[in-house]
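All remarks here apply to the structure that follows.
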Amino acid sequence: MSDSYFLDTNIFIYTFDTASPVKAARASALVYEAIESGAGKISYQVVQEFFSASAKSNRCPLNAIESAVFLTQVLEPLLAVQSSVPLFASALLQRESRMLSWYDSLIVAAALEAGCSILYSEDFQHGQQFGSLRVVNPFL
């Protein structure tokens, strides 16, 4: 594995969360460092989930133009894993062996495909291991 890390969708959602300023600051710092260092990675799924969540929530009140800017300036530079049959096959194995939901198994499979050593997320157990991939909850 490398010094690359994977950012789960919730990291991006928290960058807009005015109700949790500490989480918003931590999430924003992670995203900024991910872009600046080139070490941060995301998958197509994170992009889809972000825009789905932002459309349903007041936590990410982005209009169409702001969404397009966020896509090109923040998400696109981090996008490292696209949808593919090998990714789905890996996710199926993760789902079966780790008893994960389909969407969680896709996140783990994408982080592994991207060669990441850390998965930043609060949706998994802090410290959980998937081979050499370790989950870190950045908000603890």
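Quick note: the coordinates plus some simple rules give every number you see, no bench work behind them. The model shown is predicted, which means the values in this text are computed figures rather than measured ones.
Can you show me the helix-derived [θ] at 222 nm for the chain, built from DSSP H runs with n ≥ 4 at -39,500 (n - 2.57) apiece and divided by the number of residues, rounded to the nearest 500.
On the way: 6 runs with 69 residues, N = 140.
Calculated mean residue ellipticity at 222 nm is -15000 deg cm²/dmol.
Using a Gaussian network for the chain with springs between C-alpha atoms less than 10 Å apart, which of these wobbles most: Ser90, Ser117, Ser20?
Looking only at Ser90, Ser117, Ser20, the largest GNM fluctuation is found for Ser20.
What is the chain's relative contact order, in percent, from Cα pairs under 8 angstrom and six or more apart in sequence?
Working: 213 pairs, mean separation 43.1, N = 140.
Relative CO of the chain lands at 31 percent.
Looking at the chain only, what percent of DSSP beta bridges run antiparallel? Nearest 5 please. The partial results should precede the final answer.
Values: 2 of 12 bridges.
Of all bridge pairs located within the chain, approximately 15 percent are antiparallel.
Using 0.36 nm per residue, how much length does the chain from Leu140 to Ser20 gain when fully extended, once their Cα-Cα distance is taken away? Working shown, then result.
Values: separation 120, 0.36 × 120 = 43.20 nm, distance 1.33 nm.
Gain on stretching Leu140 to Ser20: 41.9 nm.
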